[in-house]
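J.: Structure incoming, see below.
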Amino acid sequence: MFEPALSVLLQTQVPNVHEFRITNIFKPLASPAAAERTAAYLVLAITAVIFVVVAGLICYTIVRFRRRPGDNELQEPPQVYGSNQIEAAWTVIPILIVFVLIGVSARVIAAIQNASPPPQSVKILLVGHQWWWEVRYPDYGLVTANEIHVPVSSDGKHATYLQLTSADVIHSFWVPQLAGKTDLIPNRINYTWIDPRQPGVYVGNCAEYCGTQHANMLLRVIAESSEEFNAWMSAQRKPANNSDTQLSAAQTVFGSLSCVNCHMIRGTSAIGAFGPDLTHLMSRQTLGAGVLVNNTENLRAWVNDPQIPKPGCLMPSMKLTGPELNQVISYLQSLK
Ligand code: CUA
């Protein structure tokens, strides 16, 4: 019984979903990630020294005190008890090391978390859901999902500030080359910020186990020039294009289905808030929070039965008939 499902899964999973930036924590392209890398190097250096000292002493002891021919196995080795100096040293030194590690981490966390946004910065409220990201731009009155467009901040003045919270369980924002990890916790706001220095697509993912599809709660940050960002923003703020009379039948079909209870399409009767806003669905690169490349074939597979590409996700198969599915897909594809 698995075979048909598996073959659909293989067909619908396009291998190039993850082809963009390699998520490498050692190649930061934003200030928070760079600060975190510096702290990580310091922590790694300290722990490497500890490792070498401890492992070296173990090796030395094993070699120096190994059993030799002629040893009397019944004779106990000399027992040494108590040395105030040594005990004081191995208590005090680790405490000092731990305080250094705590201090370094706390300083970096505080510097990132307490940074105050300059007036011209873009502000985003990111809400975690099982298993997708709601992206709100309060200053622009815009809500979108799963793909965060931000301006490049090559001059260091166009950072994007994020408030993080959750609608259900704890999630964690992590875009390794930009910043992270910062938890999204229900009834609490956490803060982080990103200032991507190069345009591009930065992939990230949820970094806190949040249920079945945690691994498929993917995220991308699309950093672009200020002009591109402003053009994207003004296109996104428009309501859905309903002027195409050829699609009015398709829109009617869509409006009659229960899709509208969970999804928002601004300017239509679809005003649900449980699932992602679909007003400009076709402007996104992926479907299902990064699980599929956004193309006709995948959109069809997704709407037909989201449980195949993303088992356990909260969108059910609506069991649409062939003609209904055709109408829904042609309508969704008009949401540019
Ligand atoms: Cu959301 Cu893991």
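J.: Using Cα pairs closer than 8 Å and at least 6 residues apart in sequence, work out the relative contact order for segment 72-190, in percent.
T.: Numbers: 148 pairs, mean separation 22.7, N = 119.
The value is 19 percent.
J.: Assign one of three labels to the chain, namely rounded, prolate or oblate, based on the Cα gyration tensor with a ≥ b ≥ c the square roots of its eigenvalues; rounded applies when a/c is under 1.5, prolate when it is not and a/b is larger than b/c, and oblate otherwise. All intermediate terms of the calculation are to be shown ahead of the outcome.
T.: Working: a/c = 3.18, a/b = 1.97, b/c = 1.61.
Because a/c hits 1.5 or more and a/b exceeds b/c, the chain counts as prolate.
J.: List the lysines whose Cα sits under 22 Å from the Cα of K310, skipping any in the same chain fewer than 8 residues away.
T.: K319
J.: Need one value: the accessible area of K157 in square angstrom, 1.4 angstrom probe, rounded to the nearest 10.
T.: For K157, the solvent-accessible surface is approximately 120 Å².
J.: Size of the dipole of segment 245-333 about the Cα centre, Lys and Arg at +1 and Asp and Glu at -1 on the beta carbon, nothing else charged, in debye to 20?
T.: Dipole of segment 245-333, to the nearest 20 debye: 80 debye.
J.: Okay, moving on. Please find the FRET efficiency linking Q75 to V104, where r is the Cβ-Cβ separation and R0 is fixed at 45 Å, and quote it to the nearest 0.05. Intermediate results must be reported in sequence, preceding the final value.
T.: Numbers: r = 48 Å, r/R0 = 1.08.
Efficiency, rounded to the nearest 0.05: 0.40.
J.: If you count only protein heavy atoms with a 1.4 Å probe, what accessible area per residue comes out for segment 245-333, rounded to a whole Å²? Before the final figure, lay out each step's value.
T.: On the way: 3860 Å² over 89 residues.
Per residue, segment 245-333 has 43 Å² of solvent-accessible surface.
J.: Set the bar at 30 Å for Cα to Cα. Now go through K27/K238; K27/K123; K123/K336; K27/K157 and name every pair that lies beyond it.
T.: K27/K238
J.: Between A231 and R300, what's the calculated FRET efficiency when r is the beta-carbon distance and R0 is 35 Å? Round to 0.05.
T.: On the way: r = 29 Å, r/R0 = 0.83.
Efficiency computed from Cβ-Cβ geometry: 0.75.
J.: Counting only protein heavy atoms and using a 1.4 Å probe, what share of the accessible area of segment 245-333 belongs to carbon plus sulfur, as a whole percent?
T.: C and S atoms contribute 60 percent here.
J.: When the helices in the chain are scored as -39500 (n - 2.57) per DSSP H run of 4 or longer and the sum is shared across all residues, what 222 nm value do you end up with, to the nearest 500 deg cm²/dmol? Show your work: numbers first, answer last.
T.: Values: 8 runs with 120 residues, N = 336.
Calculated from helices alone, the mean residue ellipticity at 222 nm is -11500 deg cm²/dmol.
J.: May I ask for the percentage of alpha-carbon pairs in segment 245-333 that lie more than 16 Å from each other?
T.: Working: 2021 of 3916 pairs.
Everything past 16 Å amounts to 52 percent.
J.: Another question about this same structure. What residue among H214, F274, L142 has its Cα farthest toward the positive end of the dipole of the chain, where the charges are +1 on Lys, Arg and -1 on Asp, Glu, each on the Cβ?
T.: Projecting each Cα onto the dipole axis, the largest value belongs to L142.
J.: Continuing with the same structure: Could you order the peptides 168-177, 264-273 from most to least packed, using the average number of other C-beta atoms within 10 Å per residue?
T.: The peptides rank, most packed first, as 168-177, 264-273.
J.: Please report the antiparallel percentage of the DSSP beta bridges confined to segment 111-219, to the nearest 5.
T.: Taking every DSSP beta bridge within segment 111-219, about 70 percent pair in antiparallel fashion.
J.: While we're looking at this one, here's another question. Using unit Cβ charges (K, R positive; D, E negative) and no other charged atoms, how large, in debye to the nearest 20, is the dipole of segment 186-241 about its Cα centre? Write out the running numbers ahead of the final one.
T.: Details: 5 positive and 5 negative charges, 37 e Å.
About 180 debye.
J.: Let me ask something additional. Given an 8 Å cut-off on Cα distances and at least 6 residues of separation, report the relative contact order of the chain as a percent. Show your work: numbers first, answer last.
T.: Values: 583 pairs, mean separation 59.0, N = 336.
Relative contact order comes out at 18 percent.
J.: When only C-alpha pairs under 8 Å and at least 6 residues apart count, what is the relative contact order of segment 262-336, in percent?
T.: It rounds to 27 percent for segment 262-336.
J.: Related question: What is the sum of charges around Q120, taking Lys and Arg as +1, Asp and Glu as -1, for the other residues whose C-beta is under 13 Å from the C-beta of Q120?
T.: Numbers: positive: K123, K157; negative: D139, D155, D195.
With Lys, Arg at +1 and Asp, Glu at -1, the net is -1.
J.: What residue among I185, Q307, A35 has its Cα farthest toward the positive end of the dipole of the chain, where the charges are +1 on Lys, Arg and -1 on Asp, Glu, each on the Cβ?
T.: Checked the options; the winner is A35.
J.: Would you please classify the overall shape of segment 163-238 from the alpha carbon gyration tensor, given that a ≥ b ≥ c denote the square roots of the eigenvalues, rounded means a/c under 1.5, and beyond that prolate means a/b larger than b/c while oblate covers the rest?
T.: Numbers: a/c = 1.97, a/b = 1.71, b/c = 1.15.
Since a/c reaches 1.5 and a/b is larger than b/c, the shape of segment 163-238 is classed as prolate.
J.: Of all beta bridges DSSP finds with both residues in the chain, what is the antiparallel percent, to the nearest 5?
T.: For the chain, the DSSP antiparallel bridge percentage is about 70.
J.: For segment 131-176, what does the accessible surface come to per residue with a 1.4 Å probe? Please give it in Å². Don't skip to the answer; put the middle values down first.
T.: Values: 1450 Å² over 46 residues.
Here the residues of segment 131-176 average 32 Å² of exposed surface.
The values are calculated or read from the model by the stated rules, or taken from the named source; none is laboratory data. Computed from a predicted structure; not experimentally measured. Here Cβ is always computed from backbone atoms with ideal geometry, including for glycine, and neighbour counts include all displayed protein chains. Remember, those area values only see protein heavy atoms, side chains included, never the ligands or the DNA or RNA. Shrake-Rupley method; radii C 1.70, N 1.55, O 1.52, S 1.80 Å.
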